[in-house]
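Structure, as structure tokens:
The values are calculated or read from the model by the stated rules, or taken from the named source; none is laboratory data. The model shown is predicted, which means the values in this text are computed figures rather than measured ones. When we count neighbours, we look across all protein chains shown, and the Cβ atoms used for this are built from the backbone with ideal geometry, even at glycine. Quick note on the areas: whole protein, heavy atoms, side chains included, nothing else; ligands and nucleic acids left out. Shrake-Rupley method; radii C 1.70, N 1.55, O 1.52, S 1.80 Å.
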Amino acid sequence: MAAETNHHHHHNNLNNSHTTKSNKEVSTMIKQGFISDPFLLSPNHSSRSPQPQLFSLSRVSPLSPNSNSLSPPPTPTRPTLFDMISNDDHTRHSRHSLEARQRVSRVLEAAPFRNPGNCGGFGDVKLSISGRDGFRVSMDVHRRVLAERSRFFAAKLLRRDGVGGEGGGGGVLHSVEICDCDDVEVYVEAVVLMYCDDLRRKLVGEEVSKVLGLLKVSAAIMFDAGIIACLEYLEAVPWSEEEEDKIVTHLTELQLHDSVAEVLKRVSSDSSTSLRADNIFLKLLTGVLEAKDDKARREMKTLISRLLREEASPNQYSNENRLDVSKDTLYHLCHGCLSSLILSLSEATCVDESKKDRGVLMGEIAREADNMQWIVEILIHKKMGDEFVKLWADQKELAVLHSKIPIMYRHEISMITAQLCIAIGRGHILVPRDIRYALLSTWLEALYEDFAWMRRANRSMDKKLVEDGLSQTILTLPLPQQQSILLNWFHRFLNKGDDCPNIQRAFEVWWRRAFVRQYVVESQLQITVCDYPN
């Protein structure tokens, strides 16, 4: 057997300078992560050595007639799968799974080099591949195939021919060993691929993870046809989101430069500037606000809200590079919704003069109010809602028009006020106290009036959440303003009961502040400036 001829071969001594040169030659594999340490070992170095075996290659010359060998070299025979797959003695109880070894057996069983008739004879290179867990595969492969398909092997085998002083004539046998591989199975499959003419067809039906492994090995051994076939496969197949992250990460790490451009076009675009992205966001948001089908509009609102809330993973993407909807775009949409809302309310107050049906007008009011709630929700999440509080507090004309419309048609507008109070009460919006007071001065009375309808008509409204937000907003005001608002609420609540927000908690806090604790704060702040000598 070819494996047995290794007992008769002559090893060339490797001096220090030779080792340094060899380090450079395996640098490609080191970069790709398949070899952990850059040094070369002779093939007779024991696999039980405390130092990891990395890559060894030797030339075995045929025995001459004058040789003192006791016996001629044995006639090459076809190695069995048992000969090809083994585990070192010290790793007999290897971590490598039985299933993985069985998969390797199936790959080798169908390997072209197993049939000498297909490859012009038995292999003239003994290629051994071993993993860190001791799992080892030895294959008799053909120098011609390795040299033609892999620039890495071509350089290795050509250099060894020069060292031996022979031109690689017939009967020359090489021994190549690659150790400490991350995945022996994928390495074996990459060698088998070198014998295939139609690589694209060979990859059909493979999993993305397997092809990524083959790509990594192909890049390590400079198997250009394998690299191209793997990239063509990745460009053509659909990806799951998990696979997408792995593909982008692997292709970036392998640094194949222009070769991966076609693959990554699926996930990248050179023209994705922030201005262009914001124009897209504006079109999408405007499309939702103007949608004619209410069911589709609700679905797209939910979808876009969720997408805008998604945060980039800190391990993969930089938040500085993230393209997001701009503040200007959101406030542009806010002003548009306000204008439409004011127009609809104006037409509703003089419905007799308007050509529109009253029901149509009321539907438009509810729709525009719902649109405004959606944009406000996005603003609050993006921490851009402070300017809208002032904008909403200044809507005196809208508040007057609101009071002239039947409650059953206008209550959705008060949900906007509730949204802002909840955000202020949670500390998600920070605005000066005069703006907070102006907000309640303009819209609190409307919120009281609409509260019963808000509860009955809006199933998604959380009554307690609205009451807590209103309580906390009131309690952020100066004590005299708290007193004015809460005394007014006290009398209203006694007459309206559950039709009025229950803000007893705010009332209790105000009571204790006003009558129990009675903090006294000095009105003057004294500052002392001390001059020290230089």
Compute, for the stretch 195-266, the length of the dipole vector about the Cα centre, with Cβ point charges of +1 (Lys, Arg) and -1 (Asp, Glu) only. Units Debye, rounded to 20.
180 debye
Taking amide H positions as placed in the peptide plane 1.01 Å from N, state which residues far from residue 181 in sequence (5 or more) or on other chains have amide H under 5 Å from it.
130, 131, 132
Sparse-neighbourhood loop hits (chymotrypsin sites (Phe, Trp or Tyr not before Pro), the stretch 448-525; DSSP loop; Cβ within 10 Å at most 15 others) -> 519
So what J values fall out for the stretch 237-250 if you push phi through Karplus, 6.51 cos²θ - 1.76 cosθ + 1.60 with θ = phi - 60°, rounded to Hz, Gly and Pro as x?
8, x, 10, 7, 5, 5, 5, 4, 4, 5, 4, 4, 5, 5
Once both label points are put 7 Å beyond Cα along the C-beta direction, the residue 490-residue 259 separation in nm becomes 8.1 nm
For residue 439, what accessible area in Å² do you get when you roll a 1.4 Å probe over the heavy atoms of the protein chains, rounding to the nearest 10?
0 Å²
